[in-house]
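The values are calculated or read from the model by the stated rules, or taken from the named source; none is laboratory data. What you see is a predicted model, and the numbers here were worked out from it, not measured in a lab. Cβ sites come from the backbone with ideal geometry, for glycine too, and all protein chains shown count toward neighbours. Ligands, DNA and RNA are excluded from the accessible area calculation, which covers all protein heavy atoms including side chains. Shrake-Rupley method; radii C 1.70, N 1.55, O 1.52, S 1.80 Å.
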Amino acid sequence: MRFIRPTTARLHSRLLFSVSAMALTLGAAPAHAQPGPDLDVEEIVVRGAALSQQRAIERKRFADSILDAVSADDLGKLPDKNASEAIDRLPGVSISIDQGEGRFVSIRGAAPALNSVTINGLSVGSVEENSRQVPLDIIGGELIGGIEVVKAVTPDLEHNAIGGYVNVLTASPFDYDRDLFVLGSAQIGDEEFSSTNPWAAELTVGGTFGSNDSIGVMAGISYSWRDYNTQGLYVDDWREVDGITRGLPESHKFNRYELKRERLGFTGAVEISPDEDSLYYARAVYSKFDEDERRFRNRNYFGERESNIIFNGDGVSGTYTGQRLRVELRDEQKDKRISNYSIGGENRIRDYKFEYAANLIDNNTTEPNQNWQHRSGRIFTGTFDMTNQIFEVIPNEAEILSQLDQIPAQGYSIQDNVTNDDGFQLKGDVTYDLSGDYPGVVKVGLLYRSVEKDQDINETAYDDGPTGWTVGTPGLATGETVEGEIQGQYFFAGPKLDFDGLVAFTNANINNPDIFELDVSGSLADSTTGDYETEENVWAGYLMANVDIGDWKVIGGLRIEHTDVQATGFDLLNGTDVVEIRRDGSYTDYLPGLHIQYRPDDSPLAVRAAWTNTIGRPEFRDISPRRVTSREEDDPGVFVGSVSQGNPDLEAFESMNFDLSVEYYLGDTGILSAAAFYKDVEGFIVSQTQTLTDVTFQDRFYTTLNISTPQNANDGEILGIEFNYQDVWTGLPGLLSGLGGGASLTLVDSEIEVEGRTDKLPFFRQADTVYSVFLFYQWEGLEMNLSYDWADDILVDIGGDVDNDFYDKNYGRLDFKASYQLNDNYGVFLELQNINNEPLGEYQGRTEWVTRSEIYGMTGYIGANVRF
């Protein structure tokens, strides 16, 4: 018998007669009668969503901690496109959407950076430029065997997990219990808004061989490609204006995006289990995510000056004069790579179990981009109507298109950003089995992890020279316009630039100072002050006991984590002298925890309570002594701008957490549960903004300069409750017996104290209400699933007062999936995403102060899968 890992135990798709009642209840794939070798019983084949649901509930029911899970089906696939979307329907979990795809995960009201993300229990690092948050969209769902979301960590798990601990489990070759297996699928789709055809394919091959099938090998590869367009409306800098009920923004922007996304993933494993007490493995996970984004943006400064606004008698519509128009084109490429390689093993010697692993992390992000900007004087006119929340600004189209030569260049920049996240870790655990009246285990472990994160920005910026160029320069405008429709409102925003024409013009004239004047000081500042290098070394050790006392289970212990940080940044003195700044720091955290469970073997009831202590380490960008400046020339030699700078004096913050969960299991595939949680957080880090007026900074005069600096807030708390239900409705007659469904609801009330603010603020990047509802149906080879996921507004940026806070607007998405398994080997499927064409929105301070609305349309896929 091969050694079976507890976290990835072999889950057979064939169940014996003892669980046949469950399979019949599901009405899943048809039953195939096959005589067993020793018993005269039926053997039931359970597949697809039924098997995935059963595995996930099994993980939750027998877990030592408070967790939720999703598991792959017998085709080795998670139910969604990537790891982020796969866990969106779990209670207490919400995701942020980027360009129509799920990306970052928030758990129980905590920001994504406050989650610990691991692959097979080993840290994965991050490919984000400055942050600890892991974008789970980079890991395709077809490469994953399951995902565990632990909401109350035990002492043997990573404790940088105020939100939670997310463990991505790759498949094992022993999971399939076959000498040779081949799994594959391919799909092609249609983008409603873009009228393009995305496609994807994946293939997994593996098997077992050797004496007693003791050697397992598997490799999986996946590829996906999207070429699509999106568009969005953006509104800047709302303010109150006397006599105007709604207030007035400075400008009104319309963006047109042309995007290409390409994802390549690979997972491989070699596992050797010479006997039931030993396992040795080598595993690799590689994921590459490429995105080419071309953004056409036209910005109308219709509300910049109140004196240029003339309202009609209704107080919401009118005309404007003396308006500036800004025309931009940004071309950006993103190349993100996660590489994770591990070796390790497990051995049992009498009452001892030894687990050990070494892990290498090699993550990289490159983002070359170039940006052309043009801006007119205050010469254009137009009308506006602010009756609707998504309101109209209608510039005089004929006036603009006849005066393209009156929109001169404002500047050009080319930038190459490189972020590296490299590291390694060593981990070892020893478990001793306890016997007697109180069986259980005592476990002790050590971990060392070293991470080096650095960012290198190289930018060359140009102002327009004495001759310069304009949008009307031959070959630089396409003859088309930037226009579109957002939530029933049509928008014209001005001319559309020609990318190929701009590139050719730039290449031909970049060395001509009459056209492109090099901004020496600005280029130097932008290429140095944002750079940083941070090295973080963590030593961790823990001791815990896990003891069964009748129907009770008690887990208690202590984890100690010591962190050393060396951070290096750069400053610019006198506009010419680059000075290196180095700051070191260290801190030690003592993190006790206690878990109590009541889980009788013969009862469907489970009650769990936990007291845990977790930490939140500062973001790499926040603790580094760096400064990033963005600016816009308002008038010749006069700027408005913003500065984002680090704070090396930041301290790690801590959270004391209390959890209570009551679970009632409805057979093998149903559950009814409720949970309550409370987090008492001290020293939470938020970004605070100070606004300076008429100030000189880095040799430039600014009429307005916003300086954002991360600070440790005084304290905060998160209080919430979760409800979860899912089941197959066995009492329905006939064909309806394959119908089932579920719902989850999370309600959160949170508050943080921020210096300078007396009002109540919720936690950063958390939704007060999150819910999910789904229906599924299975009969013979047919499966269908309809789901709706919704999350409330979330705070994304804290300003000086409530009118300058920014929130992502609530978001709900309706998806549908259907599949039909033709036989044991072949199947077809249909997927529809974002059926309701939900826009992504943002607002400033008040819901009527809309600052963003993006649309993506529905995406549909059809495909086929194969299994041998």
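Per the listing Ser655, Ser642, Ser630, the residue uniquely crowded, with 19+ Cβ neighbours inside 10 Å and of a type outside the set (A, V, I, L, M, F, W, C) is Ser655. When the residues of the range 716-741 are filtered to those that are open to solvent by 60 Å² or more (accessible area, probe 1.4 Å) and within 30 Å of Thr689 (Cβ to Cβ), which remaining residue is modelled with the highest pLDDT? For the range 716-741, the residue satisfying everything is Leu719. Of all residues in the range 635-671, those being in contact with a strand residue (DSSP E or B) (Cβ under 8 Å, 6 or more places away or on another chain), within 30 Å of Tyr598 (Cα to Cα) and of a type in the set (Asp, Glu) number 3.
For the range 434-447, which positions are open to solvent by 50 Å² or more (accessible area, probe 1.4 Å) and touching a Lys or Arg at 6+ places or on another chain (Cβ under 8 Å)? Matches in the range 434-447: Leu446 only. When restricted to residues that are among the hydrophobic types (A, V, I, L, M, F, W, C) and under 20 Å from Tyr490 (Cβ atoms), the range 833-868 contains 3. Considering every residue within the range 431-452, establish whether at least one is within 26 Å of the chain's Cα centre (by Cα), under 30 Å from Asp362 (Cα atoms) and basic (Lys, Arg). Yes, the conditions are met somewhere in the range 431-452. Within this structure, Ser131 passes the test of being under 27 Å from Asp792 (Cα atoms) and either outside any strand (DSSP E or B) or open to solvent by 20 Å² or more (accessible area, probe 1.4 Å) (or both).
Just one of the numbered conditions (1) open to solvent by 40 Å² or more (accessible area, probe 1.4 Å); (2) closer than 24 Å to Pro249 by Cβ; (3) at pLDDT 90 or above is not true of Val828: (2). Of all the residues in the range 276-320, those that are within 27 Å of Trp372 (Cβ to Cβ) and touching a strand residue (DSSP E or B) at 6+ places or on another chain (Cβ under 6 Å) number 17. In the range 846-864, of all residues being buried (at least 19 other Cβ atoms within 10 Å of the Cβ) and under 15 Å from Gln389 (Cβ atoms), the one that is modelled with the lowest pLDDT corresponds to Ile855. When the range 567-580 is filtered for residues that are part of a strand (DSSP E or B) and in contact with a Ser or Thr (Cβ under 7 Å, 6 or more places away or on another chain), the ones remaining, listed by number, are Ala567, Gly569, Phe570, Asp571, Leu572, Val578, Glu580. Condition first: more than 23 Å from Phe697 (Cβ to Cβ), among the charged types (D, E, K, R), at pLDDT below 85 and touching a Gly at 6+ places or on another chain (Cβ under 9 Å). Can you find one or more residues in the range 628-644 that meet it? No, there is no match, as no residue in the range 628-644 is more than 23 Å from Phe697 (Cβ to Cβ), among the charged types (D, E, K, R), at pLDDT below 85 and touching a Gly at 6+ places or on another chain (Cβ under 9 Å).
Each residue in the range 204-242 was checked for being of a type in the set (A, V, I, L, M, F, W, C), open to solvent by less than 20 Å² (accessible area, probe 1.4 Å) and farther than 17 Å from Tyr281 by Cα, and 4 of them qualify.
Looking only at residues of the range 134-150 that are open to solvent by 10 Å² or more (accessible area, probe 1.4 Å) and modelled with pLDDT of 80 or more, we find that the one that is nearest to Ser214 (Cα to Cα) is Glu148. Considering each residue of the range 480-498 in turn, none proves to be touching a helix residue (DSSP H, G or I) at 6+ places or on another chain (Cβ under 7 Å) and either open to solvent by 30 Å² or more (accessible area, probe 1.4 Å) or within 30 Å of Asp422 (Cβ to Cβ) (or both).
Considering the range 659-672, the residues that are in a strand (DSSP E or B), open to solvent by 20 Å² or more (accessible area, probe 1.4 Å) and in contact with an Asp or Glu (Cβ under 8 Å, 6 or more places away or on another chain) include one that is nearest to Leu572 (Cα to Cα), namely Leu672.
Among the residues of the range 499-519, the ones that are open to solvent by 80 Å² or more (accessible area, probe 1.4 Å) and assigned to a strand (DSSP E or B) come to 2 in all. Applying the criterion of being among the small types (Gly, Ala, Ser) and within 26 Å of the chain's Cα centre (by Cα) to the residues of the range 742-793, the residue that is surrounded by the most Cβ atoms within 10 Å (Cβ to Cβ) is Ala791. Of all residue pairs spaced 6 or more apart or on separate chains, those with beta-carbon atoms under 6 Å, a first member in the range 748-760 that is more than 15 Å from Phe684 (Cα to Cα) and a second member that is part of a loop (DSSP other than H, G, I, E, B) are Val748/Gly109; Val748/Asp768. Taking the criterion of being under 30 Å from Lys60 (Cβ atoms) and polar (S, T, N, Q), the residues of the range 563-619 that qualify are Gln597, Ser603, Thr612, Asn613, Thr614. Looking across the range 574-619, the residues that are at negative phi, small (Gly, Ala, Ser) and either out of contact with any strand residue (DSSP E or B) (no Cβ under 8 Å at 6 or more places or on another chain) or in contact (Cβ under 8 Å) with a residue 60 or more places away in the chain (or both) come down to Gly585, Gly593, Ser603, Ala606, Ala610, Gly616.
From the list Ile407, Ile361, the one residue that fits, being open to solvent by less than 10 Å² (accessible area, probe 1.4 Å) and within 24 Å of the chain's Cα centre (by Cα), is Ile361. In this structure, Arg305 does not qualify as open to solvent by 50 Å² or more (accessible area, probe 1.4 Å), more than 22 Å from Ile144 (Cβ to Cβ), modelled with pLDDT of 95 or more and not hydroxyl-bearing (Ser, Thr, Tyr).
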